[in-house]
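Just so it is clear, none of the values below were taken in a lab; they were calculated from the coordinates. All values reported here derive from a predicted model rather than from experimental measurement. Ideal geometry is used to build each Cβ from the backbone, glycine not excepted, and the neighbour counts take in all protein chains shown.
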2 protein chains.
Amino acid sequence: MSILVVGTIGLDDIETPFGSVRSELGGSATHFSAAAALYAPVNLVSVVGTDLAPERLDFLRQRGVDTRGVQVVEGQTFRWSGRYHFDMNSRDTLDTQLNVYANFVPRLPEDYGKSQFVFLANMDPEQQRQVLEQVRAPVLTMMDTMDLWIRTRREELDRIIGMVDMVTMNDSEVRMFADTTSIAVGARLILAMGPRAILVKKGENGAVMFTRDNQFFAAPAYPLEEVRDPTGAGDSFAGGFMGYLASSDGTEDDVFKRAVIHGSAVASFCVEDFGVQRLQTLTRGEVDRRYSEFHTFTQFEPL
Amino acid sequence: MSILVVGTIGLDDIETPFGSVRSELGGSATHFSAAAALYAPVNLVSVVGTDLAPERLDFLRQRGVDTRGVQVVEGQTFRWSGRYHFDMNSRDTLDTQLNVYANFVPRLPEDYGKSQFVFLANMDPEQQRQVLEQVRAPVLTMMDTMDLWIRTRREELDRIIGMVDMVTMNDSEVRMFADTTSIAVGARLILAMGPRAILVKKGENGAVMFTRDNQFFAAPAYPLEEVRDPTGAGDSFAGGFMGYLASSDGTEDDVFKRAVIHGSAVASFCVEDFGVQRLQTLTRGEVDRRYSEFHTFTQFEPL
């Protein structure tokens, strides 16, 4: 089954304790696509400026990503600049230039509307709604968001949360959204708004999933000795998660659990190098081997 | 098999967003004993002042804790005062009064030396060494420590780490000890000093264990909606962990994994109320039921 993703393609300037890069290919849709395409065909909707050399997206096309939905507009591509601190869990955004993304109206090529799985990457909730209205009969829709929309677009955000099957947020965003210290309380509040499940990303502490039928699932992060660049971890996590679902039969809780582990495995590769460098060379075989390592890391005998 | 614990018995003044208590019974040895005694006989070595009414330790004795090793000294019992912030992950120590603990020389009743399992709670590494020298043939020794000793007693701390079978630390302490952002790197460094395993406590993010034979195991925290008081979580975790080991046959990695889950389960009860209030009423049956919940939270199908 095919996946639709709508989000940014950008150029990132990134500093971490392990080095720095300039104009590195990034963006939520780039990371998501690179991950999800390891599992299933991906339809990509985004916008870039005329400054982005078309061949920079070649690796996505070679992996089976349909880029007809990427609008090319006169002007500069979205740019983000950030710096990670010693502990790699916190970062400062030094600069964000929306550029061509500022006036982005997501328009889906006609056949994209048949995509069964839909990922609405972090963007204005109004844009997320516009995308959803162009999809005909999705099997599963998932959305991401960020502190900016929680603060400035709460009404629109609440509305789109009520329309999707799944929400993914960072732990700090869940706390902010629900005004609570407890992730469990925040997750319950969000599930009460409609979604079937919420996937909470916790960086080096892994991820947890809460589902409407009161199920909880926790996945650790892979115990990496060196995290070179955390950028894109959340989007590649979502890509591995949804990619696995799209490649599987069924969407029962058991499949969801395996999908969380696939997402965790893909994200653990993403952070091994800057931008999408590691994802570009990543193979499904490598992900599967890490999946099996996750199994060893977490399984124990029943009582 | 029996367990020896050496650590503090104290009176705590605690403030959290959910309330406050004064002169609440606390201390590392109290929390550890209350937890471990659910599984196996515990020999307790500590010191209290004449201000502590002897009946405050009755619940421990009723649970099978031998308190003959608790010295009673003219003066005031150890006191700690702390305040937890909104997110419950950080706390300020407002005051620490060592009182009778200042001149504490751990002396084991003769028969305590036969204890097979030994927990050296957080204390001066020199005191920890004094305890170890009084134990004849332990099956497993484990020690805790804190930032103070990492900063001020590094040489003595390194020596005791080289003498024990297991180390337990918070994630921030591992980072400080090894001067690294990576828990995996820090754990490898500590294992290279001698211990067979290190248990890293991460509060609401659970716990991870690294063993010398390159094994890794991760346990999530129980998804509590309300954490009333995190005080003692680490020591009750250690108590559940070592208690389970002492009640089991063998110390293979599989038993260690189950022990980590028992520790996580006991700690999740500890934080439900102030001090040891919840541990006082806790039964092994309740812990076992939560163990099974942990199993559901973490198990997924292999590839």
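At B:Arg136, with labels set 7 Å past Cα in the Cβ direction, how many nm apart are the copies from this one, shortest first?
Nearest to farthest, the other copies are at 8.1 nm.
Out of all DSSP beta bridges with both ends in chain B, state the antiparallel percent to the nearest 5.
40
How high is the FRET efficiency from B:Ser81 to B:Glu286, r the C-beta distance, R0 30 Å, rounded to 0.05?
0.50
Between copies, how close do the A:Gly250 label points come, placed 7 Å along Cα→Cβ, listed in nm from shortest?
Copy-to-copy label distances for A:Gly250: 3.2 nm.
Which whole-number percent gives the relative contact order of region B:3-298, counting Cα pairs below 8 Å spaced six or more residues apart?
18
Per-residue counts of other Cβ atoms within 10 Å, averaged by peptide: what ranking do you get for B:90-100, B:154-164, highest first?
B:154-164, B:90-100
Using 0.36 nm per residue of separation minus the Cα-Cα distance, give me the extension gain between A:Glu272 and A:Ala137 in nm, one decimal.
44.9 nm is the gain from fully extending A:Glu272 to A:Ala137.
Given the rule -39500 (n - 2.57) for each run of at least 4 DSSP H residues, summed and divided by the residues of chain B, what is its mean residue ellipticity at 222 nm, to the nearest 500 deg cm²/dmol?
Calculated mean residue ellipticity at 222 nm is -10000 deg cm²/dmol.
Would you mind calculating the gained length between A:Met193 and A:Gln62 on full extension (0.36 nm times residue separation, minus the Cα-Cα distance), in nm to one decimal?
Contour length minus Cα-Cα distance gives 43.2 nm.
Quick one: in chain B, whose Cβ comes closest to the B/A rotation axis, and how close in angstrom?
So the closest residue, with its distance, comes out as B:Asn205, 2.
Report the equivalent ellipsoid semi-axes for the protein assembly as shown in whole Å, largest first, defined as the square roots of five times the eigenvalues of the gyration tensor built from alpha carbon atoms.
Its equivalent ellipsoid spans semi-axes of 49, 23, 22 Å.
Determine, from the Cβ-Cβ distance of A:Met1 and A:Arg151 and an R0 of 41 Å, the FRET efficiency 1/(1 + (r/R0)^6), rounded to the nearest 0.05.
Calculated value: 0.70.
Give the aspartates and glutamates whose C-alpha is closer than 12 Å to that of A:Lys257, dropping any in the same chain fewer than 8 places away, or say none.
The qualifying aspartates and glutamates are B:Glu301.
Quick one: check the C-alpha center-to-center distance for region A:37-106 versus region B:45-77, whole angstrom.
64
Just counting partner chain Cβ atoms within 10 Å, what average do the residues of peptide B:291-300 show around their Cβ?
Going residue by residue through B:291-300 and averaging, the value is 6.
Cα centroids of region A:236-280 and region B:255-303: how far apart, whole angstrom?
For region A:236-280 versus region B:255-303, the Cα centre distance is 29 Å.
When Cβ neighbours within 10 Å are restricted to other protein chains, what is their mean count per residue of peptide B:251-258?
2
Using the beta-carbon distance between A:Asp92 and B:Asp111 and R0 = 41 Å, what value does 1/(1 + (r/R0)^6) give for FRET efficiency, to the nearest 0.05?
Efficiency, rounded to the nearest 0.05: 0.10.
Loop-only check: which GluC sites (Glu not before Pro) in region B:248-303 are DSSP coil with at most 12 other Cβ within 10 angstrom?
B:Glu252
Over the whole of A:209-220, what's the average partner chain Cβ count within 10 Å per residue? Rounded to a whole number, please.
Across the residues of A:209-220, the mean count of other-chain Cβ atoms within 10 Å is 4.
Students often forget the sequence filter, so: which aspartates and glutamates lie under 15 Å Cα-Cα from B:Lys114 once same-chain residues fewer than 8 apart are removed?
B:Asp66, B:Glu133
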